[in-house]
1. Is it the case that Val86 is at pLDDT 95 or above and in contact with a Lys or Arg (Cβ under 6 Å, 6 or more places away or on another chain)?
2. What is the one condition in (1) surrounded by fewer than 21 Cβ atoms within 10 Å (Cβ to Cβ); (2) of a type outside the set (Val, Ile, Thr); (3) within 25 Å of Ile178 (Cα to Cα) that Gly238 does not satisfy?
3. State which residue pairs qualify: first residue touching a residue at least 24 places away in the same chain (Cβ under 8 Å) and farther than 18 Å from Asn225 by Cβ and inside the stretch 235-262, second residue among the aliphatic types (A, V, I, L, M) and assigned to a loop (DSSP other than H, G, I, E, B) in any location, beta carbons under 8 Å apart, and separation of 6 or more residues or different chains.
4. Any idea which residue in the stretch 45-72 is modelled with the lowest pLDDT, counting only those that are aliphatic (A, V, I, L, M) and under 23 Å from Thr214 (Cα atoms)?
5. What single numbered condition from (1) crowded, with 23+ Cβ neighbours inside 10 Å; (2) among the aliphatic types (A, V, I, L, M); (3) touching a Leu at 6+ places or on another chain (Cβ under 9 Å) fails to hold for Leu221?
6. Is it the case that some residue within the stretch 26-35 is at pLDDT 95 or above and hydrophobic (A, V, I, L, M, F, W, C)?
7. Kindly evaluate Leu212 against the criterion of being farther than 21 Å from Ala248 by Cβ and either surrounded by 19 or more Cβ atoms within 10 Å (Cβ to Cβ) or aliphatic (A, V, I, L, M) (or both).
8. Taking the condition of being assigned to a helix (DSSP H, G or I) and either on the phi > 0 side of the Ramachandran plot or of a type outside the set (Asp, Glu) (or both), how many residues in the stretch 50-79 meet it?
Amino acid sequence: MARWMAGRVVRAGTAAVLAGVLIAGCAGSGTKTSDADSSTPSSGETTATTAAPKSLTIMVTNDDGVGADGLDAVVEGLRALPNTKVIVVAPLTNQSGTASNTTPGTLVVTDATTKSGYTAKAVAGFPADTVIWAVDQKGLDIRPDLVVSGINLGANLGPLTEISGTVGAARAAASRGIPALAASQGAADPTDFPAGAKQVIAWVTANRDKVLATPPGAPGLVVNNLNVPSCNPGSVRGQVTVPTATTADGLVLTGATDCTSTATNPTDDVIAFNEGFAPLSEVSATPTAN
């Protein structure tokens with residue numbers, strides 16, 4: 001199984017640090033020159049070049065619909081990354097809780113925009129249908145390097161992953177050999193989508209090279225399922241890699257999370273979420289049979 005994840009803990013500042021490294025790596029001349037003549041290498045000196053950073057193409061989808069706040073937040077965040085192309089293909093309407101359902105036949109797709117006005121395609125169907133249209137039905141003229149599904153309104157933790165349309169879209173991508181991240185935000189008043197977008201950016205930045213190195217159609221990929229609490233009081237304590245909980249015991253679906261806990265080493269995604277972490281779990285690309 002081709003399995004790759006971020007490290008055990010990814011702190012919230014990871015994105016900014018790694019972005020700075022990327023920028024620093026691109027600065028300056030790519031040719032080594034002598035002090036005496038900047039245009040001609042000295043005798044015995046070799047000429048070195050620095051390859052231009054490879055562009056990352058990300059398809060963003062969700063299950064809340066193309067006009068949802070969470071999708072808008074993550075699209076605007078991803079668009080700010082260097083050397084990154086963002087394509088939005090999302091359901092026309094809210095499709096929460098539709099898991100990996102699909103629509104037979106040719107899908108109906110219309111032009112749309114996100115809440116901030118970014119160009120999108122709206123698919124009249126389920127979240128997984130957006131990947132089918134983009135990849136199988138050749139709706140896109142380029143195969144995405146990564147599919148980000150979300151940011152969903154409400155956490156998809158433990159057993160809820162099996163009914164999540166957010167996860168369903170990511171599973172459709174992973175089963176086709178495309179790396180996929182499902183991202184969800186704890187529902188609260190207000191729901192802190194900027195915190196979720198920050199964690200998505202951190203994950204994408206940390207895993208960019210691994211995503212780009214994944215060959216098209218790679219077998220055995222898993223879905224990376226990220227859940228971010230809306231904290232009050234406190235702030236998100238960073239990402240932590242944990243297994244998916246097998247039961248819903250202790251899972252609170254609505255309301256802000258107290259993120260001031262000092263507990264460490266959570267044993268599953270529900271516990272990590274309740275302790276103020278952003279749990280990152282591996283989910284099979286194949287849905288679990290009921």
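The values are calculated or read from the model by the stated rules, or taken from the named source; none is laboratory data. Here the structure is a predicted model, which is why all the values come from computation and not from measurement. Don't worry about glycine lacking a Cβ; one is built from the backbone with ideal geometry, like all the others, and counts go over all protein chains shown.
1. Criteria met by Val86.
2. (3)
3. Close Cβ pairs (under 8 Å, with a partner that is among the aliphatic types (A, V, I, L, M) and assigned to a loop (DSSP other than H, G, I, E, B)) amount to Ser235/Ala12; Thr254/Ala188; Gly255/Ala188; Ala256/Ala188; Cys259/Val236.
4. Filtering first and then ranking leaves Ala51.
5. In the conditions (1) crowded, with 23+ Cβ neighbours inside 10 Å; (2) among the aliphatic types (A, V, I, L, M); (3) touching a Leu at 6+ places or on another chain (Cβ under 9 Å), Leu221 misses (3) alone.
6. So far as the stretch 26-35 goes, no, none of its residues is at pLDDT 95 or above and hydrophobic (A, V, I, L, M, F, W, C).
7. Values: farther than 21 Å from Ala248 by Cβ: yes; either surrounded by 19 or more Cβ atoms within 10 Å (Cβ to Cβ) or aliphatic (A, V, I, L, M) (or both): yes.
So Leu212 passes the test.
8. Taking the stretch 50-79 and keeping what is assigned to a helix (DSSP H, G or I), we get 69-79.
Remaining after also requiring either on the phi > 0 side of the Ramachandran plot or of a type outside the set (Asp, Glu) (or both): 70-71, 73-75, 77-79.
Counting residues in the stretch 50-79 that are assigned to a helix (DSSP H, G or I) and either on the phi > 0 side of the Ramachandran plot or of a type outside the set (Asp, Glu) (or both) gives 8.
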